[in-house]
Amino acid sequence: MSETDAAIAAVQAEIEADRDWVVQLTQKMVQIPTVNPKFQSDPSINREGELQALLDPVLQAEGFETEQWDALPGRPNLVGERAGDEDRSLILCGHIDVVPIGARSDWSVEPFGGEIRDGRLYGRGAVDMKSGVAACIAAARAIRRSGIDLVGRLAVHAVVDEEAGGFGAMDAVKRGKLAKAVLVAEPTWGDILPAEGGLEWVRVTIRGRTAHAGWRYNEVYPQRHTPDRLEPGVNAIDLAARFMQAMRFYELDRARAREHPLVPVGLNTINVGVIHGGAGLGENGLPNVMTNPAIIPDVAVLDLDMKFLPNESSAEVRRDFEAFVHHFAQTDAWLRDHPPTVQWELGGLHFPAMNTPVDHPLVRSLAQHKARLGKTPEIRGFVAVCDAAHYAGAGVDGVIFGPSGDGFHGVDEYVDIESLVETTKVIAASIIDWCGVR
């Protein structure tokens, strides 16, 4: 048996012997409500700082030097690091914020109780993704307690705000908290996800010309241009409807133009998520009047959720979309002189694509150790987005791997306890493979 194999066997035995530790840490984390305040502002449930205060001494006890700072006001990130070689450095990352519980009456368990029943640990954040954070910490703990000295630098990032755009991870990246690779322990049901598409939030603003609705005939039906003719209005909502129809065909063309082997065909969708139409463009970028149908509206604002493939770049996606908007405007006499405007990174939100090779050493390691402990995992792409994107955008090779469960963003959320322990063992083995043993 090689030195690495012996180290892995020892660490996995340590995890099995003390398997309740990762379960209890997950339970304690679930019992501290950390609802993202952007969704529901209430000090009794916005307790991210309290959760970081729980984790900080746990990391310190396992040999990590820790640092906390506010990524957003009153919302601290926590980073722990063990020194080592940069060429074999690894980040274990997870977010601590959760979505609201919804209607309490829909839950059959206490949403922040951490109840254990029938091999499941219940509560908001149990699988998304406090169990993943706990698995990362438990894996690092077992390595240290087995007396194994890693060659590479190992870091744990417990970040805020993933559920609302990942501004915690963005801030960590901006501060240079990087490594050669990152493992994000989002729930994957034991599969390995080395790729995810990118995401842009983009706003398209279409301008028309306001007028009284009683004179709409003056706009839509041919009129003689006599000296006393009133200046016709231009209905921006009508223009927006035509724009959306054209964009639907553009969306289909994008799906046909390129594919990626790990994600579904057509993942690169454009969702019209919010529309504001009315009169008078306000300083906030939205119409001032949106409740009076007697006015021909001169403003239509479309907020889009635009996904792109793992093998596409944000720069090329932006160029292509702006070209589409330009060509659409050339089809209309009014828009040729008053073209729509395009605003990228609406709300500061932007997720780069992640496209780690399937034969990457970290991917191979996770697949090997997962197969040894349970099912042979599927290697696939992530159809949503997560914090792995922000590290990937900074040049860090990213992989998503985590436990099984259900109810995330819904009711009766739970993590499967056996999968949590197994995930901890797999992560620990892959840390040893990637970082190396002295």
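The values are calculated or read from the model by the stated rules, or taken from the named source; none is laboratory data. From a predicted model like this one, the values you see are computed outputs, not experimental measurements. When we count neighbours, we look across all protein chains shown, and the Cβ atoms used for this are built from the backbone with ideal geometry, even at glycine.
Before moving on, here are some points about what is shown:
- The stretch 384-438, subset under 22 Å from residue 175 (Cα atoms) and among the small types (Gly, Ala, Ser), residue farthest from the chain's Cα centre (by Cα): 395
- Checking 415, 399, 411 one by one, the residue that is modelled with pLDDT of 95 or more and surrounded by fewer than 21 Cβ atoms within 10 Å (Cβ to Cβ) is 411 and no other.
- Cβ pairs under 8 Å, 6+ apart, first in the stretch 139-162 and over 16 Å from residue 85 (Cβ atoms) and in contact (Cβ under 8 Å) with a residue 12 or more places away in the chain, second among the aliphatic types (A, V, I, L, M) and assigned to a loop (DSSP other than H, G, I, E, B): 158/96; 159/96; 160/96
- Some residue of the stretch 342-363 being more than 26 Å from the chain's Cα centre (by Cα) and modelled with pLDDT of 95 or more: no
- Residue among 203, 124 that is within 19 Å of the chain's Cα centre (by Cα) and either more than 30 Å from residue 287 (Cα to Cα) or modelled with pLDDT of 95 or more (or both): 124
- Of all the residues in the stretch 389-422, those that are of a type outside the set (A, V, I, L, M), part of a helix (DSSP H, G or I) and within 21 Å of residue 81 (Cα to Cα) number 2.
- Residue among 240, 179 that is surrounded by 20 or more Cβ atoms within 10 Å (Cβ to Cβ) and out of contact with any Lys or Arg (no Cβ under 9 Å at 6 or more places or on another chain): 240
- Among the residues making up the stretch 33-78, those that are within 24 Å of residue 140 (Cα to Cα), among the polar types (S, T, N, Q) and surrounded by fewer than 17 Cβ atoms within 10 Å (Cβ to Cβ) are 60, 68.
Conditions tested, residue by residue: (1) under 20 Å from residue 128 (Cβ atoms); (2) assigned by TED's automatic domain parsing to the domain that holds residue 133; (3) of a type in the set (S, T, N, Q).
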site: 357; (1), (2), (3): no, yes, no
site: 360; (1), (2), (3): no, yes, no
site: 363; (1), (2), (3): no, yes, no
site: 368; (1), (2), (3): no, yes, yes
site: 371; (1), (2), (3): no, yes, no
site: 375; (1), (2), (3): no, yes, no
site: 381; (1), (2), (3): yes, yes, no
site: 386; (1), (2), (3): yes, yes, no
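- Close pairs from the stretch 416-432: first over 17 Å from residue 91 (Cα atoms) and assigned by TED's automatic domain parsing to the domain that holds residue 13, partner among the aliphatic types (A, V, I, L, M) and not in a helix (DSSP H, G or I), Cβ under 7 Å, at least 6 apart: 417/121
- All positions within the stretch 144-172 that are touching a Lys or Arg at 6+ places or on another chain (Cβ under 9 Å), more than 29 Å from residue 74 (Cα to Cα) and in a loop (DSSP other than H, G, I, E, B): 148, 149, 151
- Residue under evaluation residue 344, criteria (1) surrounded by fewer than 17 Cβ atoms within 10 Å (Cβ to Cβ); (2) out of contact with any helix residue (DSSP H, G or I) (no Cβ under 8 Å at 6 or more places or on another chain); (3) assigned by TED's automatic domain parsing to the domain that holds residue 220; (4) within 28 Å of residue 182 (Cβ to Cβ), criterion not met: (2)
- Test result for residue 353, closer than 30 Å to residue 184 by Cα and of a type outside the set (Ser, Thr, Tyr): yes
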